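First the structure, in the form of structure tokens, and then the observations on it.
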């Protein structure tokens with residue numbers, strides 16, 4: 001099912017041009033297992049972001065564990081406030097992303113090289 005979400009939030013310091021942050025966001029139909037599918041355009045800022053984020057967390061399991069704890073705690077604290085949950089989570093994700101960009105520069109990481 002299509003949702004009302006049509007883009008990712010722009011990361012501070014990156015281009016705020018909304019074309020680079022557009023996506024299609026799909027959810028499961030009612031009664032099916034929960035799933036979120038994000039469809040992004042290759043080469044846009046919001047295509048690099050989740051790939052780098054994922055690979056950085058795979059290479060840094062303690063950061064991944066801290067991020068998982070944050071998400072669980074936020075879900076428990078804000079069970080009925082999805083917008084606030086997303087606002088807080090997005091800010092934390094940006095902090096991880098900035099660390100991931102530094103990691104990418106030191107390791108030579110590029111999108112598409114992961115084994116996943």
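Hey, any hits in region 83-97 for a residue that's farther than 15 Å from residue 9 by Cα, loosely packed, with under 11 Cβ neighbours inside 10 Å and out of contact with any strand residue (DSSP E or B) (no Cβ under 9 Å at 6 or more places or on another chain)? The answer is no; no qualifying residue exists. Residue 50 satisfies every condition listed in (1) loosely packed, with under 15 Cβ neighbours inside 10 Å; (2) touching a strand residue (DSSP E or B) at 6+ places or on another chain (Cβ under 9 Å); (3) under 30 Å from residue 107 (Cβ atoms) except (1).
State whether the residues of region 6-18 include one that is at negative phi and part of a helix (DSSP H, G or I). The answer is yes; a qualifying residue exists.
Right, residue 38: within 23 Å of residue 109 (Cβ to Cβ) and either assigned to a loop (DSSP other than H, G, I, E, B) or modelled with pLDDT under 90 (or both) or not? First the steps, then the outcome.
Details: within 23 Å of residue 109 (Cβ to Cβ): yes; either assigned to a loop (DSSP other than H, G, I, E, B) or modelled with pLDDT under 90 (or both): yes.
Judged against the criteria, residue 38 is a match.
Exactly one of (1) assigned to a loop (DSSP other than H, G, I, E, B); (2) over 14 Å from residue 94 (Cα atoms); (3) in contact (Cβ under 8 Å) with a residue 60 or more places away in the chain is unmet by residue 30. Its number? It fails just one condition, (3).
Would you mind stating whether residue 80 is surrounded by 11 or more Cβ atoms within 10 Å (Cβ to Cβ) and closer than 23 Å to residue 6 by Cα? Explain how you work it out, then say what you get.
Details: surrounded by 11 or more Cβ atoms within 10 Å (Cβ to Cβ): no; closer than 23 Å to residue 6 by Cα: yes.
No.
Checking the structure you have, find out if any residue of region 70-83 is outside any strand (DSSP E or B) and closer than 19 Å to residue 100 by Cβ. Within region 70-83, one or more residues are outside any strand (DSSP E or B) and closer than 19 Å to residue 100 by Cβ.
The values are calculated or read from the model by the stated rules, or taken from the named source; none is laboratory data. Computed from a predicted structure; not experimentally measured. Virtual Cβ from ideal backbone geometry, glycine too; neighbours counted across all protein chains shown.
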